[in-house]
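Notes follow the structure.
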Amino acid sequence: MYIWFRITTQSKTQTLSLTRMFDFLYQPWPWYVAGPLVGLTVPLLLMLGGKMFGISENLRHVCAACNIGNVSFFQYDWKKNGAWNLTFVLGVILGGFLGGFLFANPNPIALAESTVQDLMALGITDFTGFVPNDLFTWSALTTPIGWIVLVLGGFLVGFGARYAGGCTSGHAISGLSDLQLASLIAVIGFFAGGLLMTYVIYPIIF
């Protein structure tokens, strides 16, 4: 009887622990958990491997791996220089899939009322997902304006990231933590471009 009671109690305790763990995974992580996890990635990469955190560099690694054309910019040992970064990106994709589908939060995203009003003023009315369906659906993206945004926006993001020597992750996370002036200038440009797009260009094209 004592053994059965002990096994039952342990089973209930383990079930309760798993339930709490899954409840934690299903809910959005607070800033004081997610923020330090992202921030600690930079010093860990530097101390353990002497690497700088960044994502856009993988575009070059992929082109080098595919051996696209006889371009000297892509002629280097991408396995030695970029295998770890490509692995990191695969982990980001896997983590995004797990967080967005397997552990998706069943509750609507909590947005401030002022944010909702500002988005509605821009013509966005769907707030059920991570991104508004008013913009990110196949029907919206296959319109002439959608194609212009995809092609032109994709070119500007890719060219800008390479011309600036890094993207938002490379400059805003790694570069600022390393006290690099170039990264500070780049981040100011990121924010300025975002504000320009939101309040000037977006209302015109949409």
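Coordinate-derived values only; no laboratory data. Given the structure is predicted, the values throughout are model-derived calculations rather than measurements. Cβ coordinates were reconstructed from backbone atoms using ideal geometry, including for glycine residues, and neighbour counts include every protein chain displayed.
So the values come out like this:
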item	result
Nearest 10 degrees, 0 to 90: helix 31-49 Cα axis against the chain principal axis	70
Average Cα contact separation per residue, the chain, under 8 Å, 6 or more apart, as relative contact order %	23
Inter-centroid distance (Cα atoms) of region 172-195 relative to region 80-154, Å	22
Ranked TRP29, TRP138, criterion: other C-beta atoms within 10 Å, fewest first	TRP138, TRP29
Packing-based exposure ordering (other Cβ within 10 Å, fewest first) of VAL149, VAL92	VAL92, VAL149
Identified option (computed Cα extents along the principal axes in Å; candidates (i) 79, 41, 25; (ii) 75, 48, 34; (iii) 69, 45, 34)	(ii)
Rg to Rh, two decimals, where region 137-206 supplies the alpha carbon set and Rh follows Kirkwood	1.07
Relative exposure of ARG60, ARG20, judged by other C-beta atoms within 10 Å (fewest first)	ARG20, ARG60
Sum of -39500 (n - 2.57) over DSSP H runs of 4+, divided by residues of the chain (222 nm, nearest 500)	-20000 deg cm²/dmol
